[in-house]
1. Of everything in segment 25-44, what is farther than 21 Å from Phe10 by Cα and assigned to a helix (DSSP H, G or I)? Give them in sequence order.
Amino acid sequence: MEKMKPLFGFGIAIGIVLGGIYLLNTKDTLLAKIIGIACIVFFGGLMIWAIFKKIQQNKQKK
């Protein structure tokens, strides 16, 4: 169960990124575009950082 926690977090982040993409594709208002881009950039960066940290932890264990 402990190994599933990061996957759950990545699933939520991917869902929010997909929600941001959906906002960009369906809404034409400025606010929707700002929120969509912010979701994609923030949670995309967060996922990249988390993957990098996981790789670093695995290298340190070996």
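1. Going through segment 25-44, the residues farther than 21 Å from Phe10 by Cα turn out to be 25-34.
Selection gives Asn25, Thr26, Leu30, Leu31, Ala32, Lys33, Ile34.
Results for (1) free of Cβ contacts under 8 Å to residues at least 12 places away in the same chain; (2) small (Gly, Ala, Ser); (3) open to solvent by less than 100 Å² (accessible area, probe 1.4 Å), shown as yes or no for each residue.
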{"position": "Leu7", "(1), (2), (3)": "yes, no, no"}
{"position": "Gly15", "(1), (2), (3)": "yes, yes, yes"}
{"position": "Gly19", "(1), (2), (3)": "no, yes, yes"}
{"position": "Leu30", "(1), (2), (3)": "yes, no, no"}
{"position": "Ile48", "(1), (2), (3)": "yes, no, no"}
{"position": "Lys61", "(1), (2), (3)": "yes, no, no"}
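The values are calculated or read from the model by the stated rules, or taken from the named source; none is laboratory data. Keep in mind the model is a prediction, meaning the values are calculated, not measured. Cβ: placed from backbone, ideal geometry, glycine included. Neighbour counts: every protein chain shown. These area figures cover heavy atoms from the full protein model, side chains too; ligands, DNA and RNA do not enter into them. Shrake-Rupley method; radii C 1.70, N 1.55, O 1.52, S 1.80 Å.
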